[in-house]
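Participant: My questions all concern the structure below.
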Amino acid sequence: MGIKWNEMLVGGDPLLVGSQIAIVLTVVAIVVGLTYFKKWGWLWREWLTTVDHKKIGIMYILSGVLMFFRGGMDGLLMKAQTARPEMSFLDAQHYNEIFTTHGVIMILFMAMPFLIGLMNVVVPLQIGARDVAFPQLNALSFWLFFSGAMLFNISFVVGGSPDAGWTSYFPLAGKEFSPGIGNNYYAIALQIAGLGTLMTGINFIVTILKMRAPGMTLMKMPMFTWTTFITSIIIVAAFPIFTVALALMTFDRLYGTHFFTLSSGGSDMLWANLFWLWGHPEVYIVILPAFGIFSEVIATFSRKTLFGYTSMVISIVGIAFLSMIVWVHHFYTMDAGPAVNSFFSITTMLIAVPTGVKIFNWLFTMRKGRIQFTTAMLWALAFVPNFVIGGVTGVMLAMAAADFQYHNTLFLVAHFHYVLIPGVVFAVFAGLYYWWPKMFGFMLNEKLGKYHFWLFTIGFNVTFMPMFFLGLKGAVRRAYTYSAESGFAPLFLVSAIGSIILAVGFAVFCYNIYWSFRYAKRNVSHDPWDARTLEWMTASPVQFYNFAVVPEVKQLDAFWHMKKRGEKLTLKESDIKKIHMPSNSGLPFYMAVVFGITGFFLVFEAHIAAAVAAIGIVVGLIIRSFDYNDGYYVSVDEIKETERTWRTVEGGTENHVG
Amino acid sequence: MSANVNHSLPLEYQTEQNRLNILGFWIFIGAEIVLFATLFAVYGVLGHRYAGGPTPSDIFKLNDVLIETLLLLTSSFTCGLAVFFMRQRNMKQLLVWFVITLLLGAGFLFMEIREFIHYVHEGATMQTSAFLSSFFVLLGTHGAHVTFGIIWAIMLIIQLLQRGLTPVTARKMFIISLYWHFLDVVWIFIFTFVYLKGMVG
């Protein structure tokens, strides 16, 4: 079959052997644990076959936490290697692999699942829907993402990591210069995960367009729903480009075509263009939902309606449009010529305008508000100044002429970490602290949350602020070491110390999840923050059918105004009707398995085995085509009984459901 | 999601879930447009990089291509007829025209595969030059879509025979017709920007 079995496991390096042993032990522990506690049936029924958007969202978030850990380890290893000059902790090859996987994992397997997870949990609730438009497709999206993520993650112990950077520029990423199979993982694992993301985009566009509660016009939608909608549109417009780019990369590497090669007429710049035609919109795919989260959190904890709602909407649409026409700014130095560079310089700087509008809107939302300094709000407050640093350095980089100086230095690296960490990671943390009670029925500990917040934000600034100055002094990115004479050593050391503080912050977060899971008070209200949007109108954790009766929406911040009008949450039992729900299905999980196996064989260039495995994909599609399961109905009695567990007779509410 | 059936609408639009599916498929076609647009852009960049290998006018056989075009365009028309008869609730005519559509599609595929084999025998393979890489992948993607469509349609014919015309089978029929027409539109672009332009340029 063409697989060289003896080369399959990467050996030698003690770090890698240690990881291999740890992975085997973890898998054994999970299998033994599930068998011992007789949890296999529970796992299959409640999680692996679920089509419930809330559970799918939780699985995305859990994957995000795991991947944050993996990507974070990569980051710490890099920081350890560069802490002192001429270190030999990692060799050049190992360092290349680690910065490649760090980038890919943090963007595609950490930021994306965290945000898509929150979108899954929150958006159907915010619009008063009972699920997404295509629940089973939603499960398939998750499982394809998960399959791709796992395939990518095993690369470092099975066969070798990709090592051509997260951008995988040709000709380096081509077969001539990277003959191993490492970069096959990049091409194939990202393809599988990308298919899942594309389906998520389609799903959310239809959900938001068609399934809103009566009375919720587009301009009465909560801001997080708006940003999810626009993000979904960008996904549908940009991900097919990546699909093609990765497919062509696969053809080049596996079948000897000449799309991006140096010989026989290929064009390496074509890859750079295609990659960033997807890659720049991708930046906004992760940042826009984060903007939505901040909008919800800031409005809630300032006790005010979001300032400038209409201008917010116009700004995100403008950002989405501009995101498609700035891609060349990623390679000004690669011979595009002054006219082209000037055009992209201007479009890039233009993005600062709608982004600035949003920043001012958030500030004006807080103005004269009665701000509550909850952990979620602290993340939002820290976001503003930190993100502005990222934005302003972005405008510096946008100037094509000046970019020739900054290009490929740590200045750039510091810039995009200042955009992505405050912009995405802070938002994810804010969103998790904010929506946690809705997901699980208990809150994350606020005191631990504040330790988490301060350690993480201080650690973040100590890590990345020195990198601006290192970059200005000429330290290049992706270099595994530097000489003592360069004078870089002190700042690199500060940065390494910062990364440890950052990691401790993340550890506190993980401990907080554990602590709250064990000890937090279970009897929280359905609306612990006195919030504004529909998701807070139903129980915490949410009943599987979301709303006993779909609410009617009269204006923006619908739930807030219902409370202001003194409307109680009394449920007229005569209003309850039976509810149609989709059935669980094992098919998405099966598809993830066959996609994973097919992908694995393709990575190892075992074409016949891959073709055989691909028959499994076709079989799955045929089974789906003949599947006429139309779901089931929840009876009125069951709804009444569930609602009684959290509503009191007077229209008040208290208890935890279930 | 509810089973409320609105009889005043065409069969495929009668349930809410059907309306969601049809909108979702339109958006999927939007994604497909981006996918093919990217492949056309790649062909636009690489299509004249022959690397010493054959050029379009060396290898293209316009007669075969015209037959392919004719087959596929006719199949789009017969597919339209099939949906027309579906709306009339005429199962027999629906099946007749749908099967004819598939036969025409299969004829197209046969011609296309023959054309590819011919090129390969002339020494014009995917590995020869950037022009041929982009040519084969653009056309191959389209051909793979047609193949996939035929398999999918056979599954649907079985379901039509098993279940007759219901809102669900009608929706599936309608969606596959959208898909089929879309592939036809892509072919028109291929015919124009690959074959005609290749013969002129």
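Participant: Being of a type in the set (Phe, Trp, Tyr) and assigned to a helix (DSSP H, G or I) is the filter here; which residues of the stretch A:370-392 pass it? Please lay out each step first, then the result.
Facilitator: Step one: filter the stretch A:370-392 for residues of a type in the set (Phe, Trp, Tyr), giving A:373, A:379, A:383, A:387.
Answer for the stretch A:370-392, where residues must be of a type in the set (Phe, Trp, Tyr) and assigned to a helix (DSSP H, G or I): A:TRP379, A:PHE383, A:PHE387.
Participant: Do we find a residue being in contact with a helix residue (DSSP H, G or I) (Cβ under 6 Å, 6 or more places away or on another chain) and of a type in the set (Gly, Ala, Ser) anywhere in the stretch A:95-104?
Facilitator: No, that holds for no residue.
Participant: Can you name the residue in the stretch A:249-265 that is assigned to a helix (DSSP H, G or I) and at the interface with chain B (Cβ under 7 Å from one of its Cβ atoms) and is also surrounded by the most Cβ atoms within 10 Å (Cβ to Cβ) among such residues?
Facilitator: A:PHE251
Participant: Give me the residue from the stretch A:409-418 that is within 17 Å of the chain's Cα centre (by Cα) and open to solvent by 20 Å² or more (accessible area, probe 1.4 Å) and, out of that set, nearest to A:LEU502 (Cα to Cα). Break it down into steps so the answer makes sense when it comes.
Facilitator: Here is the first cut: in the stretch A:409-418, the residues within 17 Å of the chain's Cα centre (by Cα) are A:416-418.
Those left that are additionally open to solvent by 20 Å² or more (accessible area, probe 1.4 Å): A:416-417.
Values: A:PHE416: 17, A:HIS417: 13 Å.
Checking each candidate, the answer is A:HIS417.
Participant: For the stretch A:561-606, name all the residues that are open to solvent by 70 Å² or more (accessible area, probe 1.4 Å) and either within 13 Å of A:SER147 (Cβ to Cβ) or in contact with a His (Cβ under 6 Å, 6 or more places away or on another chain) (or both).
Facilitator: Those that are open to solvent by 70 Å² or more (accessible area, probe 1.4 Å) and either within 13 Å of A:SER147 (Cβ to Cβ) or in contact with a His (Cβ under 6 Å, 6 or more places away or on another chain) (or both): A:TYR590, A:ILE597.
Participant: Follow-up question, since we're still on this one. How many of the residues making up the stretch A:625-647 are closer than 30 Å to A:PHE601 by Cβ and either assigned to a strand (DSSP E or B) or more than 10 Å from chain B (Cβ to nearest Cβ) (or both)? Write out each step before concluding.
Facilitator: The initial filter retains those residues of the stretch A:625-647 that are closer than 30 Å to A:PHE601 by Cβ, namely A:625-627.
Right, trim to either assigned to a strand (DSSP E or B) or more than 10 Å from chain B (Cβ to nearest Cβ) (or both) and you get A:627.
Selection size over the stretch A:625-647: 1.
Participant: So, one more: Being in contact (Cβ under 8 Å) with a residue 24 or more places away in the chain, open to solvent by less than 10 Å² (accessible area, probe 1.4 Å) and either more than 23 Å from A:VAL313 (Cα to Cα) or part of a helix (DSSP H, G or I) (or both): is that true of A:ALA352 here?
Facilitator: Working: in contact (Cβ under 8 Å) with a residue 24 or more places away in the chain: yes; open to solvent by less than 10 Å² (accessible area, probe 1.4 Å): no; either more than 23 Å from A:VAL313 (Cα to Cα) or part of a helix (DSSP H, G or I) (or both): yes.
The answer is no for A:ALA352.
Participant: Return yes or no: is A:ASP268 modelled with pLDDT under 95, more than 14 Å from chain B (Cβ to nearest Cβ) and out of contact with any helix residue (DSSP H, G or I) (no Cβ under 7 Å at 6 or more places or on another chain)? Spell out the reasoning first.
Facilitator: Numbers: modelled with pLDDT under 95: yes; more than 14 Å from chain B (Cβ to nearest Cβ): no; out of contact with any helix residue (DSSP H, G or I) (no Cβ under 7 Å at 6 or more places or on another chain): yes.
No: the conditions fail for A:ASP268.
Participant: Still on this structure, please answer the following. Counting only residues that are part of a helix (DSSP H, G or I) and among the charged types (D, E, K, R), which one in the stretch A:190-247 is most open to solvent (accessible area, probe 1.4 Å)? Working first, answer last.
Facilitator: Looking only at the stretch A:190-247, we keep the residues that are part of a helix (DSSP H, G or I), and these are A:190-210, A:218-220, A:223-247.
Those still in the list that are among the charged types (D, E, K, R) too: A:210, A:220.
Details: A:LYS210: 91, A:LYS220: 62 Å².
Ranking the qualifying residues of the stretch A:190-247, first place goes to A:LYS210.
Participant: Residues of the stretch A:454-474 being of a type outside the set (Phe, Trp, Tyr) and either free of Cβ contacts under 8 Å to residues at least 24 places away in the same chain or in contact with an Asp or Glu (Cβ under 9 Å, 6 or more places away or on another chain) (or both), which ones? Walk me through how you get there before you give the answer.
Facilitator: Within the stretch A:454-474, the first condition is being of a type outside the set (Phe, Trp, Tyr), and the residues that meet it are A:455, A:457-459, A:461-463, A:465-467, A:470-474.
A:LYS473, the sole residue that qualifies.
Participant: So, one more: Within the stretch B:122-153, track down each residue that is open to solvent by 50 Å² or more (accessible area, probe 1.4 Å), facing chain A (nearest Cβ under 10 Å) and either part of a helix (DSSP H, G or I) or touching a strand residue (DSSP E or B) at 6+ places or on another chain (Cβ under 6 Å) (or both). Break it down into steps so the answer makes sense when it comes.
Facilitator: Step one: filter the stretch B:122-153 for residues open to solvent by 50 Å² or more (accessible area, probe 1.4 Å), giving B:122, B:127, B:144, B:147-148, B:151-152.
With facing chain A (nearest Cβ under 10 Å) added as a condition, the list becomes B:127, B:148, B:151-152.
Listed by number, the residues that qualify are B:PHE148, B:ILE151, B:TRP152.
Matching residues to (1) touching a strand residue (DSSP E or B) at 6+ places or on another chain (Cβ under 6 Å); (2) away from every other protein chain (no Cβ under 11 Å); (3) within 16 Å of A:LEU118 (Cβ to Cβ):
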residue: A:GLN191; (1), (2), (3): no, yes, no
residue: A:MET199; (1), (2), (3): no, no, no
residue: A:LEU209; (1), (2), (3): no, no, no
residue: A:THR228; (1), (2), (3): no, yes, yes
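Participant: Looking only at the stretch A:607-624, count every residue that is within 14 Å of another protein chain (Cβ to nearest Cβ) and surrounded by 18 or more Cβ atoms within 10 Å (Cβ to Cβ) and tell me the total. Lay out the reasoning, then the answer.
Facilitator: Just the residues of the stretch A:607-624 that are within 14 Å of another protein chain (Cβ to nearest Cβ), to begin with: A:611, A:614-615, A:617-624.
Filter once more, keeping what is surrounded by 18 or more Cβ atoms within 10 Å (Cβ to Cβ): A:620.
Within the stretch A:607-624, residues that are within 14 Å of another protein chain (Cβ to nearest Cβ) and surrounded by 18 or more Cβ atoms within 10 Å (Cβ to Cβ) number 1.
Participant: Same structure again: Pick from the stretch A:123-150 the residues that are polar (S, T, N, Q) and open to solvent by less than 10 Å² (accessible area, probe 1.4 Å): which of them is farthest from A:ARG70 (Cα to Cα)? Spell out how you get there, then give the answer.
Facilitator: Kept after step one, since they are polar (S, T, N, Q), are these residues of the stretch A:123-150: A:126, A:136, A:138, A:141, A:147.
Still in the list and also open to solvent by less than 10 Å² (accessible area, probe 1.4 Å): A:126, A:138, A:141.
Working: A:GLN126: 32, A:ASN138: 25, A:SER141: 22 Å.
The extreme case among them is A:GLN126.
Participant: May I ask you to verify whether B:LEU138 is of a type outside the set (Ser, Thr, Tyr), under 17 Å from the mean Cα position of the chain (by Cα) and under 30 Å from A:SER264 (Cβ atoms)? Spell out how you get there, then give the answer.
Facilitator: Values: of a type outside the set (Ser, Thr, Tyr): yes; under 17 Å from the mean Cα position of the chain (by Cα): yes; under 30 Å from A:SER264 (Cβ atoms): yes.
Judged against the criteria, B:LEU138 is a match.
Participant: Between residues in the stretch B:42-58 that are at the interface with chain A (Cβ under 7 Å from one of its Cβ atoms) and residues that are open to solvent by 30 Å² or more (accessible area, probe 1.4 Å), which pairs lie under 7 Å by C-beta distance while being six or more apart or on different chains?
Facilitator: Final answer for the pair search is B:ALA51/A:SER264.
Participant: Right, something else. Looking only at the stretch A:11-31, filter to residues that are closer than 13 Å to A:VAL158 by Cα and open to solvent by 70 Å² or more (accessible area, probe 1.4 Å); which one of those is nearest to the chain's Cα centre (by Cα)?
Facilitator: Restricting to residues being closer than 13 Å to A:VAL158 by Cα and open to solvent by 70 Å² or more (accessible area, probe 1.4 Å), the top hit is A:ILE23.
Participant: Just a yes or no: is a residue in the stretch B:14-23 in a helix (DSSP H, G or I), in contact (Cβ under 8 Å) with a residue 40 or more places away in the chain and more than 9 Å from chain A (Cβ to nearest Cβ)? Step through it out loud before you land on a result.
Facilitator: From the stretch B:14-23, those in a helix (DSSP H, G or I) are B:16-23; that's our starting set.
Keeping just the survivors that are in contact (Cβ under 8 Å) with a residue 40 or more places away in the chain gives B:18, B:21-22.
Among the residues that remain, those that are also more than 9 Å from chain A (Cβ to nearest Cβ) are: B:18, B:22.
Yes, some residue in the stretch B:14-23 is in a helix (DSSP H, G or I), in contact (Cβ under 8 Å) with a residue 40 or more places away in the chain and more than 9 Å from chain A (Cβ to nearest Cβ).
Participant: From the list A:ASN120, A:ASN153, exactly one residue is in the same structural domain as A:ASP52 (by TED's automatic domain parsing), open to solvent by less than 10 Å² (accessible area, probe 1.4 Å) and assigned to a helix (DSSP H, G or I). Which is it?
Facilitator: Values: A:ASN153 fails: open to solvent by less than 10 Å² (accessible area, probe 1.4 Å).
Answer to the selection: A:ASN120.
Participant: Moving on to the next point. Of the conditions (1) crowded, with 16+ Cβ neighbours inside 10 Å; (2) among the small types (Gly, Ala, Ser); (3) within 14 Å of chain A (Cβ to nearest Cβ), B:SER75 fails just one. Which one is it?
Facilitator: (3)
Participant: Exactly one condition in (1) over 22 Å from B:THR192 (Cα atoms); (2) open to solvent by 30 Å² or more (accessible area, probe 1.4 Å) is false for B:ALA37; which is it?
Facilitator: (1)
Participant: Okay, moving on. Checking the condition more than 21 Å from B:THR147 (Cβ to Cβ) and surrounded by fewer than 18 Cβ atoms within 10 Å (Cβ to Cβ), which residue from B:ILE59, B:ILE67 passes?
Facilitator: Details: B:ILE67 fails: more than 21 Å from B:THR147 (Cβ to Cβ).
Criteria check complete, one pass: B:ILE59.
Participant: Do any residues in the stretch A:376-395 that are within 28 Å of A:PRO528 (Cα to Cα) and without any contact (Cβ under 8 Å) to a residue 40 or more places away in the chain have Cβ atoms under 8 Å from those of residues that are open to solvent by less than 30 Å² (accessible area, probe 1.4 Å) and aromatic (Phe, Trp, Tyr), where the two are at least six apart or on different chains, and which pairs are they?
Facilitator: What qualifies is A:VAL384/A:TRP362.
The values are calculated or read from the model by the stated rules, or taken from the named source; none is laboratory data. Since the model is a prediction, treat every value here as computed from it, not as a measurement. No Cβ is skipped: glycine too gets one built from the backbone with ideal geometry, and neighbour counts run over all protein chains shown. Surface areas here come from the heavy atoms of the whole protein model, side chains and all, with no ligands, DNA or RNA. Shrake-Rupley method; radii C 1.70, N 1.55, O 1.52, S 1.80 Å.
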